[in-house]
Amino acid sequence: MLPVVAGLVGLCGLGDGPRSKVRSACEAAFEARQWERTLEACGPDAEGGATPLGRVRHAWAQLYVGSNDAALAEATALFETSEGAEARYLGGLILKDHDAPERVALGRDLLEEAMRRFIATGRRDRASDAACSLVTLALSESRFDDALELANRAVSLASATSDVGRRGIALIVLAATNNVIGLAEQAREAFRRAEAELVSRPAELAWAYFKHVVFLLEFHSVDSALEALQFLDAAQRNFELAIRAGMVAKVAGLQDAIHFNRAAALSALGRDAEALELLAALPEGQRDHAAYHRITAVAAARRGDIDAALAFLDQRLENGEDGDYAVSASVELARVFGQVGRVHDAERALHRAIEQVEHLRQQSSLELRPWILARRAAPYASLIELLLAQARAADALAVMESLQARAWLDATTPGADAASDEVAREPAHSKGDEVSASGDAQTAGTIAATPPLDGAALVARIGDREALVLLDLQSSAWRAHILGGAVRVAPVPASAFATLASFHASPELPEVAAAAAAILVPTELSRSARPLTIVASGRFAELPFPALRRGDHLLIEERAIARLPGLVAARCAPRVATGPPVFLGDSEGDLPQAAAEVRALAGAHHVPAHVGAAATREAVRTGRGASWLHLAVHGEVGPQGGELSLRGEPLTASLVRRERLAPDVVVLAGCSTAASDDPEGWGAFPSAFLSAGSRYVIATTRSVADDAASAVMHAFYAQPERLDPIERLAAAQRALVAKTPAAAWASFAAWGTASCSEE
């Protein structure tokens with residue numbers, strides 16, 4: 001991640017400032033951002049200068065001419081006046097960037113109090129400004145949940161005003177926050193909305209384009225770097241328009257930020273000479289910035305000056321750099337070490353980067369941890385490659401697994417349950433102006449981040465089972481095969497994903513299924529009668545693995561398949577739920593086959609059928625201790641992860657975790673009931689139920705028509721009850737091969753540990 005030279009003070013600092021009904025020389029100078037004139041017109045001896053409004057404007061002017069101490073002193077003196085909210089806001093802005101932690105904490109308190117006072121007096125515009133400023137502080141302290149909550153609050157507050165500029169600014173802040181966390185799609189959408197809002201506001205639009213550039217450069221690709229250059233040109237044009245319009249203060253610091261990030265984009269394209277030329281044109285005082293050192297080091301490494309590259313990178317790290325710069329610099333440092341064959345030093349640098357990432361994970365709720373980790377996966381990917389080059393496959397597997405099911409590991413580690421209970425007992429937060437929280441998300445830092453298992457522990461966890469691990473990081477991908485304690489890891493080339501996409505679209509075509517199997521299934525895969533355990537992330541996750549074809553046979557015809565969120569989940573949960581089964585379906589009245597299926601199952605077990613209006617959350621809760629829970633309803637991915645449509649409120653995966661809904665076996669017969677948009681699948685129902693304590697979950701990886709789903713369920717329940725759900729589903733799928741399209745039966749998967757025996 002490349003740091004940028006510019007905060008958000010130009011965006012959410014001054015704004016339109018305090019208002020008055022009488023236009024004075026003080027007011028005119030202040031609104032024109034003419035700070036020398038403001039100091040004269042708003043001074044204690046000038047017209048209006050003796051009023052609280054004049055004095056707070058005088059304090060703002062002192063800040064913008066660099067007299068921070070004087071500005072803070074004057075603002076402090078105004079706390080108990082009619083301009084107390086504005087004075088606190090100004091004081092908070094100054095203190096939040098202080099070196100002393102206690103002063104920063106005071107700054108946070110002042111900003112929060114200012115926001116509350118602005119809201120109480122109907123000043124949602126200034127409340128939005130204060131929320132934006134609190135976002136920058138939260139991000140600087142890696143308080144990701146707080147930052148996201150505040151950014152959404154800023155947008156909500158700004159949306160309640162008629163101020164287009166503030167709405168756009170709040171959206172920029174939200175986009176930048178999503179970007180830092182790793183919520184790429186949300187960031188992209190917020191940038192688009194901001195740019196649409198600000199089309200006639202050159203100063204704010206310049207900032208929007210610039211922040212969009214920062215987002216694009218995070219993808220580290222040629223296409224994104226080329227797109228970033230186009231956005232930088234647009235930012236530069238709007239910057240110049242803002243300067244000509246006299247909006248100097250609104251774009252303060254932006255020119256140097258544009259130069260730095262243009263250099264970064266050129267560096268990403270390998271155009272080092274142009275990048276260095278841009279850096280050389282910057283003022284001397286800017287050359288100690290982290291971005292300068294990183295770009296210069298990359299250029300030095302490319303021209304073969306390894307000593308210079310190491311010096312530039314080490315200098316910042318030795319000075320105590322941490323957070324995202326330490327991550328990116330350490331990855332670059334490892335690359336340089338690798339060029340000269342210093343493998344041990346390269347590995348040490350990558351472990352240092354990973355330590356930083358693990359620390360950042362700890363600062364957030366479980367719901368955000370998968371995104372934060374995936375956003376910073378570069379050191380893990382580099383370490384996998386380094387370990388494989390040394391034929392250390394088991395160690396590489398451990399690094400692969402450290403990117404999968406980590407939230408699962410945190411949530412299921414002894415001690416996590418007590419912490420989760422404490423969160424559940426906390427009062428719900430209001431969604432209004434005063435307080436806004438992240439809903440189902442757990443409090444940051446409440447549940448400790450657990451270190452990943454090492455290679456030996458993972459192999460021991462697998463035992464005598466056979467497993468395939470498929471890790472997709474978009475920029476790189478790997479396949480690991482574990483059998484009898486031996487681990488083999490191989491990269492999956494980018495070109496393979498076109499074939500896999502064809503298989504996902506048409507799993508019934510023999511030649512396509514065979515081509516996909518050649519990519520996914522190693523030749524040494526055994527023909528054991530025991531189920532094959534598969535862990536799959538990213539683009540691998542939705543593949544219909546049962547339909548893979550090896551020779552004349554489908555994979556499911558050779559053996560059953562057990563899916564897991566990660567190898568860390570390969571353990572047996574004791575059977576504790578033995579209550580009567582619960583059957584629900586057709587909550588919206590548009591799944592007649594599902595309704596009939598639920599009534600038939602309920603009748604066979606002599607229990608109520610919860611259909612239509614009876615298919616509610618409360619009915620699901622009755623299955624907390626059930627031996628079996630069957631849900632045949634619509635599924636989708638919502639803001640809180642997986643969602644199942646019930647009458648009234650939907651059932652969310654996060655609610656399952658929070659309330660520990662853990663029937664022994666869960667069957668989710670709706671569309672995409674195993675889907676999640678987070679990189680670890682933490683927000684999906686299989687992870688939710690398994691982490692809550694369920695032993696098995698049957699769910700779908702894609703949309704399935706009502707009649708097709710009903711056919712699969714009929715075949716499933718027709719199998720002998722003595723089979724565990726994994727074997728039972730496999731038997732059903734074999735029975736359907738010649739009767740039902742593969743896209744239907746192969747989209748059902750069984751999650752759980754195949755070797756768990758019935759009590």
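The values are calculated or read from the model by the stated rules, or taken from the named source; none is laboratory data. Keep in mind that this is a model prediction, so the values were computed, not measured. For neighbour counting, all protein chains shown are included, and Cβ atoms are generated from backbone atoms with ideal geometry for every residue, glycine included. Ligands, DNA and RNA are stripped out before the accessible areas are found, and what is left, the full protein with its side chains, is counted by its heavy atoms. Shrake-Rupley method; radii C 1.70, N 1.55, O 1.52, S 1.80 Å.
Measure nothing fancy, just the Cα-based angle from helix 290-302's long axis to the longest principal axis of the chain, in degrees from 0 to 90, nearest 10.
Around 60 degrees separate the two axes.
May I ask you to order 380-388, 344-352 by the average number of other C-beta atoms within 10 Å around their residues, highest value first?
The most tightly packed comes first, giving 380-388, 344-352.
Going from most exposed to least, what order do D146, D552 have by accessible area with a 1.4 Å probe?
Largest to smallest exposure gives the sequence D552, D146.
According to the Kirkwood expression over distinct Cα-Cα pairs, how big is the hydrodynamic radius of the range 221-368, in Å?
This gives a value of 16.9 Å.
Roll a 1.4 angstrom probe over the protein heavy atoms and tell me the percent of accessible area of the chain that is carbon or sulfur.
Numbers: 15370 of 29260 Å².
The nonpolar share, carbon plus sulfur, comes to 53 percent.
Please compute one quarter of the surface area of the Cα convex hull for the range 314-413 and express it in square nanometres.
Values: hull surface 26.0 nm².
Seen from a random direction, the Cα hull of the range 314-413 projects 6.5 nm² on average.
Taking 1 over the mean of 1/r across every pair of different Cα atoms in the range 186-245, what Kirkwood radius in Å do you get?
Over the range 186-245, the inverse of the mean reciprocal pair distance is 11.5 Å.
Bins of 5 Å, beginning at zero and ending with the bin holding the largest distance: percent of Cα pairs per bin for the range 20-91, please.
The distribution over the range 20-91 is 3, 22, 31, 27, 15, 2, given as percents.
Pairing the Cα long axis of helix 144-159 with the longest principal axis of the chain, what angle in degrees results, from 0 to 90 and rounded to the nearest 10?
Value to nearest ten degrees: 60.
Given an 8 Å cut-off on Cα distances and at least 6 residues of separation, report the relative contact order of the range 245-379 as a percent.
Relative contact order comes out at 15 percent.
As a check on your grasp of the helix formula, calculate [θ] at 222 nm for the chain: sum -39500 (n - 2.57) over DSSP H runs of n ≥ 4, divide by the residue count, round to the nearest 500.
-16500 deg cm²/dmol
The range 358-409 to the range 469-528: how many Å between their Cα centroids?
Going from one Cα centre to the other spans 20 Å.
Please report, in cubic angstrom per residue, the volume enclosed by the convex hull of the alpha-carbon atoms of the range 710-759.
Details: hull volume 3.6 nm³, N = 50.
That works out to 72 Å³ per residue.
Heavy-atom accessible area of R617 with all protein chains present, probe 1.4 Å, nearest 10 Å²?
Its heavy atoms expose roughly 50 Å² to the probe.
Under 10 Å from the Cβ of A300, count the other residues' Cβ atoms, weight Lys and Arg +1, Asp and Glu -1, and hand me the total. Don't skip to the answer; put the middle values down first.
On the way: positive: R302, R303; negative: D272, D305, D307.
Result for the neighbourhood of A300: -1.
Would you kindly find the accessible area of T622, with a 1.4 Å probe and non-protein molecules such as ligands, DNA and RNA excluded, rounding to the nearest 10 Å²?
Ignoring ligands and nucleic acids, T622 comes out at about 90 Å².
Which shape class, rounded, prolate or oblate, goes with the range 450-539 when its Cα gyration tensor gives a ≥ b ≥ c as root eigenvalues, a/c under 1.5 marks rounded, and past that a/b bigger than b/c marks prolate?
Cα axes put the range 450-539 in the oblate bin.
Please report, to one decimal in angstroms, the Kirkwood hydrodynamic radius of the range 537-610 built from all distinct Cα-Cα pairs.
The Cα-based Kirkwood calculation yields 16.3 Å.
Within the chain, what percent of beta bridges assigned by DSSP are antiparallel, to the nearest 5?
50
Hey, what did the chain get for relative contact order, percent, Cα under 8 Å, at least 6 apart? Provide the component values of the computation, followed by the final result.
On the way: 1433 pairs, mean separation 59.0, N = 759.
Here the relative contact order equals 8 percent.
Can you give me the accessible area per residue for the range 193-278, using a 1.4 Å probe, in Å²?
I get 41 Å² per residue for the range 193-278.
Run the 1.4 Å probe and let me know the accessible area of L282, rounded to the nearest 10 Å².
Solvent-accessible area, nearest 10 Å²: 10 Å².
Take every Cα-Cα pair in the chain and report what % of them are more than 51 Å apart.
Across the chain, Cα pairs with separations above 51 Å total 21 percent.
Just by accessible area at a 1.4 angstrom probe, what is the order of C572, C26 from largest to smallest?
Details: C572 75, C26 5 Å².
Ranked from most to least accessible, the order is C572, C26.
Using Cα-Cα distances under 8 Å and only pairs 6 or more residues apart, what relative contact order does the range 468-509 have, in percent?
Taking the mean separation of contacting Cα pairs over the length of the range 468-509, I get 26 percent.
What do you get for trypsin sites (Lys or Arg not before Pro) in the range 654-737 restricted to DSSP loop and a cutoff of at most 13 other Cβ within 10 Å of the site's Cβ?
Taking the range 654-737 and a limit of 13 other Cβ atoms within 10 Å, the loop trypsin sites (Lys or Arg not before Pro) found are R722.
With a 1.4 Å probe and all protein chains kept in place, how do E597, E618, E240 rank by accessible area, largest first?
E618, E240, E597
May I ask for the angle, rounded to the nearest 10°, between helix 124-140 and the longest principal axis of the chain, with both axes built from Cα atoms and the value confined to 0 to 90°?
Computed tilt is about 70 degrees.
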